[in-house]
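Okay, so here's the structure we're looking at.
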């Protein structure tokens, strides 16, 4: 690399090591210092090295929490990043400039600082947006070359560490009696979709919760098959590198239940199951202590749907201290509540929402997408901010 604008006192390698440890906000400002620093910070190697250092720090300190809620007034989806500390302190309030055709976008998943948004809450539009709140950049992806399903469609989002590529898997179901779903895959590196003929799973993916979690290199879904009134449930894992499915057995207590379940990541790295038990009006949380080991499934606790003060409409996700964020409903109002299952206590956070549209994701800041071409919409956004 050229030594243009390098320090007279610091070797280039040391200067880069210092830059890699600076906050993203500072790095974005430094891209305006010189052409050299701009090309350095936006270079794929710098972005990958910065991500690796951030990942190591996240493994030690834990991720941020990205909360999306939709208040009735104003009726606009709102995002906030929070520290996972005892006060749930707000860290920043990123603004999404992309507009949805529906009430709002659905968050498919989060990976390495990228959020995948799908515009399909009420009407399927086949519109996907990759958004990095850290660098205030989003790109709209090309639409998949696959017909719209009158039945339902499932999506997953993950990272291929071997090819340094971000991928979206889409499964289109046409009905129970078909041989299997059509499966297509989007690669950010290639910028295109392709069909995967050998990847169709034997179990059907449960559409009720739109649940997917990326953990340990696999995108996970709730899978089931049904014979008569009997269910056979599994966790389906899509290997993002090999582009094939495999199965993980569920706890025996859940293997034949109605698949009213949702997957979450505990602290962003462990696989967990939430079973919505309508009979006992509670949500049972199971955690897989050792990935892939069926015997390590452990039932942690239950969260009651009904309390003296409100009704729980959704368990959003967990914090590193074992607490859960809940979407609750009372007197025609939705509110986010912090629940401590060990003490069975609830803390009202003063965050109000329209029930059904709230999401929580574990999030880490990154520079991913900074090396991608800036779109016209992004340029307009930057001009307005300046």
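The values are calculated or read from the model by the stated rules, or taken from the named source; none is laboratory data. These figures come from a predicted structure and were not determined experimentally. Here the Cβ positions follow ideal geometry from the backbone for every residue, glycine too, while neighbour counts run over all protein chains shown.
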Which numbered condition residue 265 fails, given (1) part of a strand (DSSP E or B); (2) at pLDDT 90 or above; (3) surrounded by 14 or more Cβ atoms within 10 Å (Cβ to Cβ):
(2)
From (1) under 17 Å from residue 350 (Cα atoms); (2) out of contact with any strand residue (DSSP E or B) (no Cβ under 6 Å at 6 or more places or on another chain), pick out the condition that doesn't hold for residue 52.
(1)
Please go through segment 335-361 and pick out each residue that is in a loop (DSSP other than H, G, I, E, B) and at negative phi.
341, 342, 343, 354, 355, 357, 358
Screening 87, 123 for residues that are free of Cβ contacts under 8 Å to residues at least 40 places away in the same chain, over 18 Å from the mean Cα position of the chain (by Cα), part of a loop (DSSP other than H, G, I, E, B) and under 17 Å from residue 351 (Cβ atoms) leaves only 87
Leading residue by the ranking (surrounded by the most Cβ atoms within 10 Å (Cβ to Cβ)) among those in segment 214-223 that are under 14 Å from residue 170 (Cα atoms) and within 12 Å of the chain's Cα centre (by Cα)
219
How about segment 204-213: which of its residues are crowded, with 21+ Cβ neighbours inside 10 Å, assigned to a loop (DSSP other than H, G, I, E, B) and over 14 Å from the mean Cα position of the chain (by Cα)?
206
Looking at 55, 110, 100, can you tell me which residue is within 30 Å of residue 170 (Cβ to Cβ) and part of a helix (DSSP H, G or I)?
55
Qualifying positions in segment 29-50 - within 27 Å of the chain's Cα centre (by Cα) and assigned to a helix (DSSP H, G or I)
41, 44, 45, 46, 47, 48, 49, 50
(1) buried (at least 16 other Cβ atoms within 10 Å of the Cβ); (2) modelled with pLDDT of 90 or more all hold for residue 355 apart from (2)
Against the conditions (1) closer than 30 Å to residue 335 by Cβ; (2) buried (at least 16 other Cβ atoms within 10 Å of the Cβ); (3) more than 25 Å from the chain's Cα centre (by Cα), where does residue 73 fall short? Just the number, please.
(2)
As an exercise: evaluate residue 308 against (1) surrounded by 15 or more Cβ atoms within 10 Å (Cβ to Cβ); (2) modelled with pLDDT under 95; (3) part of a loop (DSSP other than H, G, I, E, B) and give the number of the one condition it does not meet.
(1)
Looking at segment 313-328, is at least one residue within 19 Å of residue 233 (Cβ to Cβ), part of a strand (DSSP E or B), free of Cβ contacts under 8 Å to residues at least 24 places away in the same chain and within 19 Å of the chain's Cα centre (by Cα)?
no
Condition test on residue 294, is it under 30 Å from residue 164 (Cβ atoms) and touching a strand residue (DSSP E or B) at 6+ places or on another chain (Cβ under 8 Å)?
no
When residues of segment 289-300 are filtered for being within 22 Å of the chain's Cα centre (by Cα) and closer than 19 Å to residue 342 by Cα, how many remain?
1
What's the total number of residues in segment 141-155 that are in a strand (DSSP E or B) and either over 16 Å from residue 115 (Cα atoms) or at pLDDT 95 or above (or both)?
3
Being touching a strand residue (DSSP E or B) at 6+ places or on another chain (Cβ under 6 Å) and crowded, with 17+ Cβ neighbours inside 10 Å is the filter here; which residues of segment 121-143 pass it?
121, 128, 129, 130, 131, 132, 138, 139, 141
Cβ-Cβ under 9 Å, sequence separation 6+ or interchain: first residue in segment 277-298 and at positive phi, partner at pLDDT below 95 and assigned to a loop (DSSP other than H, G, I, E, B). Which pairs?
281/305; 292/216
